[in-house]
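Q: The structure follows.
The values are calculated or read from the model by the stated rules, or taken from the named source; none is laboratory data. This is a predicted model, so every value here is computed, not measured. Heavy atoms of the whole protein, side chains included, go into the accessibility calculation; ligands, DNA and RNA do not. Shrake-Rupley method; radii C 1.70, N 1.55, O 1.52, S 1.80 Å.
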Amino acid sequence: QRQLVESGGGLVQAGGSLTLSCAASGSSFGIKTMGWYRQAPGNQREWVATITSGNSTNYADSVKGRFTISRDNAKNTVFLQMNSLRPEDTAVYYCRLTTTINLYWGQGTQVTVSS
């Protein structure tokens, strides 16, 4: 069983930046992807970005060009650098990890962007 611990959320003004981190327990063996999702009040959880074990990245259109996902394989940690933040980016951000046989979620970290 893996644990995912997120950090880095907070309150920022529009146009500002934040970096989220997610550290996963356990071995890096078997990890396929690490990624970020978000859920705003009243909305469904939506995918934000994913990075594979081979460091291929994909982004939702809404964040492309503003957000950057990266990972430190040695530390089983994934990062989400968020620039040019907008009020509509306000949400709880969740880290997700997939292995060959399982899927894990973090507890979420709040990001609030004020206008």
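Q: For the chain, set up a GNM with springs between Cα atoms under 10 Å and report which of THR68, THR50, THR100 has the largest fluctuation.
A: Evaluated over the chain, the most mobile residue of the options is THR100.
Q: Among PHE79, PHE29, PHE67, which one shows the highest mean-square fluctuation when the chain is modelled as a Gaussian network with alpha-carbon springs under 10 Å?
A: Between PHE79, PHE29, PHE67, it is PHE29 that shows the largest mean-square fluctuation.
Q: For the chain, which whole-number percentage of the solvent-accessible area (1.4 Å probe, protein heavy atoms only) is attributable to carbon and sulfur atoms?
A: Values: 2850 of 5990 Å².
Of all accessible area on the chain, carbon and sulfur atoms account for 48 percent.
Q: Could you go through segment 89-100 in sequence order and give the Karplus-derived ³J(HN,Hα) for each residue, using 6.51 cos²θ - 1.76 cosθ + 1.60 with θ = phi - 60°, rounded to whole Hz, and x for Gly and Pro?
A: Running phi through 6.51 cos²θ - 1.76 cosθ + 1.60 with θ = phi - 60° gives 7, 4, 4, 8, 9, 10, 8, 9, 10, 10, 10, 5 Hz.
Q: Out of all DSSP beta bridges in the chain, what portion is antiparallel? Express it as a percent rounded to 5.
A: In the chain, approximately 90 percent of DSSP beta bridges are antiparallel ones.
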